[in-house]
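Some notes on the structure that comes next.
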Amino acid sequence: MDPIKCDAIESMVSLEKILAAREHRVARQAAALAKFGMSVVSVTIVMPGPVKGGRLARRAMEVALETLDALFDARRWLVQSRETLWAGTGPEALYVVDADPKTLKSVLIELEDHHSIGRLWDLDVIGVLEGGLSRKAFGYSPRRCLVCDRPARDCGRSQRHPTYELLALIEAMVTKYDSRS
């Protein structure tokens, strides 16, 4: 078998593993809230298909981490903890930040919407008292599909677009970002 195809098959992730990773992430978020009593930022990468930890996901996370570190530093928000996992189910990061969760969420929504590859980031904010903060609560519309501009959740659930088409768009976004850097 072709080694490239073999690597892709070996790195494919089952739905069960993805759901288990989500449960572990929620547990880590709760533990961080309990330990530090500050806002938690959970960072994951939007990556369609069964391969979640490949080159594109890793690069998108690297850029997210660089961008968030610079943002928190510029805002003088103390980062109490920063944990990064490079898992087969996709890269994840967890920040504990001494900042008002509502302000933090507003700034991160703008980052998701306006950074050239911010659309590939899922930046969740969990407040000690507020719990998870949603885009909707801040008057923002749901995230849009990369292909057709419908709500991304609708297209994802219906599998309206083939994975190869989405991955080609993601590859183009990352390549364009890297060529400008």
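The values are calculated or read from the model by the stated rules, or taken from the named source; none is laboratory data. A quick note: this is a predicted structure, and the numbers were derived from the prediction, not measured. Note that we place each Cβ from the backbone using ideal geometry, even for glycine, and neighbour counts take in every protein chain shown.
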Hits in region 91-105 (condition: closer than 24 Å to ALA57 by Cα, of a type outside the set (A, V, I, L, M, F, W, C) and either touching a Pro at 6+ places or on another chain (Cβ under 6 Å) or part of a strand (DSSP E or B) (or both)): PRO91, GLU92, TYR95
ALA87 being closer than 21 Å to ARG144 by Cα and in contact with a Gly (Cβ under 8 Å, 6 or more places away or on another chain): no
Number of the exception - MET12 against (1) touching a strand residue (DSSP E or B) at 6+ places or on another chain (Cβ under 6 Å); (2) not in a helix (DSSP H, G or I): (1)
In region 168-181, the residues that are touching a residue at least 40 places away in the same chain (Cβ under 8 Å), surrounded by fewer than 17 Cβ atoms within 10 Å (Cβ to Cβ) and under 15 Å from MET47 (Cα atoms): GLU171
For ARG160: the one exception among (1) crowded, with 17+ Cβ neighbours inside 10 Å; (2) touching a helix residue (DSSP H, G or I) at 6+ places or on another chain (Cβ under 8 Å); (3) modelled with pLDDT of 90 or more: (1)
Residue satisfying all of: in region 83-122; over 15 Å from the mean Cα position of the chain (by Cα) and of a type in the set (D, E, K, R); farthest from ARG143 (Cα to Cα) among these: ASP98
Failed criterion for GLY90 (all others in (1) under 17 Å from ARG25 (Cα atoms); (2) free of Cβ contacts under 8 Å to residues at least 60 places away in the same chain hold): (2)
Flag if THR44 is β-branched (Val, Ile, Thr), crowded, with 16+ Cβ neighbours inside 10 Å and within 27 Å of GLY127 (Cβ to Cβ): yes
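Please enumerate the residues belonging to region 122-153 that are assigned to a helix (DSSP H, G or I) and either over 21 Å from VAL51 (Cα atoms) or modelled with pLDDT of 90 or more (or both).
Of all residues in region 122-153, those assigned to a helix (DSSP H, G or I) come to 136-138, 152-153.
LYS136, ALA137, PHE138, listed by residue number.
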Residues located in region 26-52, provided they are closer than 12 Å to GLU92 by Cβ and within 12 Å of the chain's Cα centre (by Cα): VAL41, SER42, VAL43, THR44, ILE45, MET47, LYS52
Region 27-52 residues that are at positive phi, paired with ones that are surrounded by fewer than 18 Cβ atoms within 10 Å (Cβ to Cβ) (beta carbon under 6 Å, 6 or more apart): GLY37/VAL128; GLY49/THR163
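Of everything in region 64-82 that's touching a residue at least 24 places away in the same chain (Cβ under 8 Å) and within 13 Å of TRP121 (Cα to Cα), which residue is nearest to the chain's Cα centre (by Cα)? Give the steps one after another, and end with the answer.
Restricting attention to region 64-82, the residues satisfying the condition of being touching a residue at least 24 places away in the same chain (Cβ under 8 Å) are 64-65, 67-68, 71-72, 75, 77, 80-81.
Imposing the further condition that a residue be within 13 Å of TRP121 (Cα to Cα) reduces the set to 64-65, 67-68.
Details: ALA64: 8, LEU65: 10, THR67: 13, LEU68: 12 Å.
So, considering only residues that are touching a residue at least 24 places away in the same chain (Cβ under 8 Å) and within 13 Å of TRP121 (Cα to Cα), the one nearest to the chain's Cα centre (by Cα) is ALA64.
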